[in-house]
Amino acid sequence: MTVPAGTAVTLESGGRSGDVAVALRGAAVTLGGQTVFSNVDLEVRRGEFVAVLGPNGAGKSTLMRTILGLVPLSAGSVRVLGHEPSETRSEIGYLPQRRSFDSETRIRGVDLVRLGLEGGRWGLPLAVTAGARARRRIERERVEEVISLAGAAAYATRPIGELSGGEQQRLLIAQALVRRPAVLILDEPLDSLDLPNQAIVAALVQRVCAVQGVAVLLVAHDVNPLLGYLDRVIYLAGGKALAGPVQEVITGPKLSELYGARIEVLRTSDGRLVVVGSPEAPHHHGHRH
Amino acid sequence: MSVGPTFSLDLVSDVRELLAFPFMVNALQAASIVAVLAAVVGWYMVLRRQSFAGHTLSVMAFPGATGAALAGLPTAVGYYLACGLAALAIGRTGHSGRRRFATESAAIGTVQATGLALGFLFLSLNRSVLGGMETFLFGTFLGVSHDQVLTLLVVAVLALGAVAAIGRPLLFASVDPEVALARGVPVALLDVSFLLILGLAVAATSQITGVLLVFTLLVAPPAAAQLITAQPVAGLLLSVAFALAVAWLGLGVAYFSIYPVGFWITMFAFGLYVSVRIGRWALARRRRP
Ligand SMILES: Nc1ncnc2c1ncn2[C@@H]1O[C@H](COP(=O)(O)OP(=O)(O)OP(=O)(O)O)[C@@H](O)[C@H]1O
Ligand SMILES: [Mg+2]
């Protein structure tokens, strides 16, 4: 994409890879009177690809929403690019968990991606000055570029509600990427994708992460499609978190300690990891029913 | 009308005959203002699936009118107060988050029932307003004064100006509230603001069109437009065009017929919506036989 100097700055995000993008210190979250997790320390650098793993209800989504400043901490601190999360919202690309649009949603995929870019702006989108028109054109090109990057160009102009779950997911990934965020938070982006598409999306995220120096936090239930791309994993269970390289965290002894139950990790001949013996959705705080 | 004007095949002379009467000119001006306002506000309402809220707000004209009569206030004041209060009540009880428009319906139902009950109470305390019931339901299209047209214009400019100012964030918050919230868009504030704009639009127009008609113009043209296009700007323009066409046709035909304006506008709006639905269905069948 060739853009006039000066105008492009609005879309680029500053910062070098290697800087700390997300930092949590002794973070704890209490929801509805119950502690979801506590004492979580975490540092994610720019250009780093981190997977967030853990059983259902472990607090993965809550952790992501904490980094977005949508859930308050009950203890500890969270910093995004050195600031309070609420001050850096425009620097974060976010894909919430299991968001789908039903067939009656009458808006096109491309409009949704566009809203990711300019949905926060007040006033009418009138382009009267030459500068405004130039910016408009750059933004339109950016929307097209990111849609084809996500491989969603073929159906971007169809109403989003008429698309399949996987097609919707690709457009939503494009929406999360459109502002060239410094931090990318993807809550189960592989959720409704088939295996080949999981691999394609994982590769795409890794490319964006490496080329643009984005700090990526990706929530997943299966680490295998991501194995070739990850820098580190964070494993959440039992209200605690464990972070480190895959081969150090996803091991029998480490997971057994985290769950407080005997867990085994098997490695298949093609390098895939299989976690066996994990208790069904362990809840450290017990359920109300 | 009792004079019994006759329709000739010469359309130009028919329109000229129509415009020779000041009351028809006022009616056309009022209808045009109402149509544009309802089409734009209604487009957002249909997109947000808040038709039930819109209907409830239009029903609030009942306690508004009877309450004003009881308190000795001008009817218009009663309309604005009742609609404004109801908008705030619905907005405050509404949830934020994923399914907020669905969960909001219980709150709206309660507001509607309360409004109707209050209306009946006021009516039983002061029966003098009973004579105006037909006007209340079907409007006073052909008795609109020049001052009323001016008032309507001021309200419409205010409401449309507000929509223009919050247009894009409102669209973002309407179709994608979770991401909008994460991006710092004040979703809850926009929810209440939109309800207030809707209340303002309903209160202003229902004084002239009646309770039933304002709802017709608020729903049918935008719904038909959204069936045809999922592109926001095109949808809004099409919605305005439909509403204007329906209003003008209704007024014109009513002038030459023995049936009231409200009936004709409702019939044209209904016909428009049904034919668009059938058209879409036929197109879909042709494409996928
Ligand atoms: N608003 C809330 N009020 C009370 N409790 C909540 C709220 N939101 C989440 N929780 C609780 O917090 C815990 C963590 O939820 P969270 O959605 O973060 O889990 P998760 O790891 O993302 O699970 P999943 O894999 O199913 O997506 C759950 O026990 C849930 O019941
Ligand atoms: Mg989750």
### Query
Can you tell me which residues in the range A:46-73 are within 16 Å of ligand 2 (Cβ to nearest atom), in a loop (DSSP other than H, G, I, E, B), away from chain B (no Cβ under 14 Å) and out of contact with any Lys or Arg (no Cβ under 7 Å at 6 or more places or on another chain)?
A:55, A:56, A:57, A:58, A:59
### Task
Six or more apart or on different chains, Cβ under 8 Å: which pairs go from a residue in the range A:120-135 that's within 13 Å of chain B (Cβ to nearest Cβ) to one that's part of a loop (DSSP other than H, G, I, E, B)? Could you list them?
A:120/B:183; A:120/B:184; A:120/B:185
### Task
Collect the residues in the range A:74-87 that are crowded, with 19+ Cβ neighbours inside 10 Å and either in contact with a Lys or Arg (Cβ under 7 Å, 6 or more places away or on another chain) or within 25 Å of residue A:32 (Cα to Cα) (or both), keeping them in residue-number order.
A:78, A:85
### Query
Residues in the range A:98-108: is at least one closer than 18 Å to residue A:217 by Cβ, within 14 Å of chain B (Cβ to nearest Cβ) and free of Cβ contacts under 8 Å to residues at least 60 places away in the same chain?
no
### Summary
If we keep only residues of the range B:175-191 that are assigned to a helix (DSSP H, G or I) and open to solvent by 40 Å² or more (accessible area, probe 1.4 Å), then the residue nearest to the other protein chains (Cβ to nearest Cβ) is B:181
### Query
Taking the range A:92-109 on its own, how many of its residues are away from ligand 1 (no atom under 16 Å from the Cβ) and open to solvent by less than 30 Å² (accessible area, probe 1.4 Å)?
7
### Task
May I ask you to list pairs of residues, at least six apart or on different chains, whose Cβ atoms are under 9 Å apart, with the first in the range B:268-285 being loosely packed, with under 10 Cβ neighbours inside 10 Å and the second being not in a helix (DSSP H, G or I)?
none
### Query
When residues of the range B:242-262 are filtered for being free of Cβ contacts under 8 Å to residues at least 40 places away in the same chain, open to solvent by 50 Å² or more (accessible area, probe 1.4 Å) and assigned to a helix (DSSP H, G or I), how many remain?
1
### Task
Identify the residue in the range A:190-213 that is touching a Lys or Arg at 6+ places or on another chain (Cβ under 7 Å) and more than 20 Å from residue A:164 (Cβ to Cβ) and, among all such residues, is least open to solvent (accessible area, probe 1.4 Å).
A:213
### Summary
Going through the range A:166-192 in order, the residues found to be on the phi < 0 side of the Ramachandran plot and within 16 Å of ligand 1 (Cβ to nearest atom) are A:169, A:185, A:186, A:187, A:189, A:190, A:191, A:192
#### Entry: Pairs, first more than 25 Å from residue A:67 (Cα to Cα) in the range A:183-198, second within 13 Å of ligand 1 (Cβ to nearest atom), C-beta under 8 Å, six or more apart
none
### Query
Given (1) within 14 Å of chain B (Cβ to nearest Cβ); (2) at pLDDT below 95; (3) within 16 Å of ligand 2 (Cβ to nearest atom), where does residue A:192 come up short, assuming only one miss?
(1)
### Task
Report yes if residue B:170 is over 30 Å from residue B:141 (Cα atoms) and open to solvent by less than 10 Å² (accessible area, probe 1.4 Å), otherwise no.
yes
### Query
Do we find a residue being surrounded by 15 or more Cβ atoms within 10 Å (Cβ to Cβ) and within 16 Å of ligand 2 (Cβ to nearest atom) anywhere in the range A:158-173?
yes
### Summary
Screening A:217, A:184 for residues that are within 14 Å of chain B (Cβ to nearest Cβ), within 16 Å of ligand 2 (Cβ to nearest atom) and not in a loop (DSSP other than H, G, I, E, B) leaves only A:217
#### Entry: Counted residues, the range A:54-63 - those being more than 6 Å from ligand 1 (Cβ to nearest atom) and surrounded by 24 or more Cβ atoms within 10 Å (Cβ to Cβ)
1
### Query
Considering the range A:35-53 alone, what residues qualify as being open to solvent by 50 Å² or more (accessible area, probe 1.4 Å) and within 13 Å of ligand 1 (Cβ to nearest atom)?
A:35
### Task
Take residue B:231 and decide whether it is within 9 Å of chain A (Cβ to nearest Cβ) and open to solvent by 50 Å² or more (accessible area, probe 1.4 Å).
yes
### Task
Would you check which residues across the range A:93-127 are closer than 23 Å to residue A:80 by Cα and either of a type in the set (Val, Ile, Thr) or within 16 Å of ligand 2 (Cβ to nearest atom) (or both) and list them?
A:94, A:95, A:96, A:97
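The values are calculated or read from the model by the stated rules, or taken from the named source; none is laboratory data. Computed from a prediction, not measured in an experiment: that's the story for all the values here. No Cβ is skipped: glycine too gets one built from the backbone with ideal geometry, and neighbour counts run over all protein chains shown. With ligands, DNA and RNA removed, areas are computed over all heavy atoms of the protein, side chains included. Shrake-Rupley method; radii C 1.70, N 1.55, O 1.52, S 1.80 Å.
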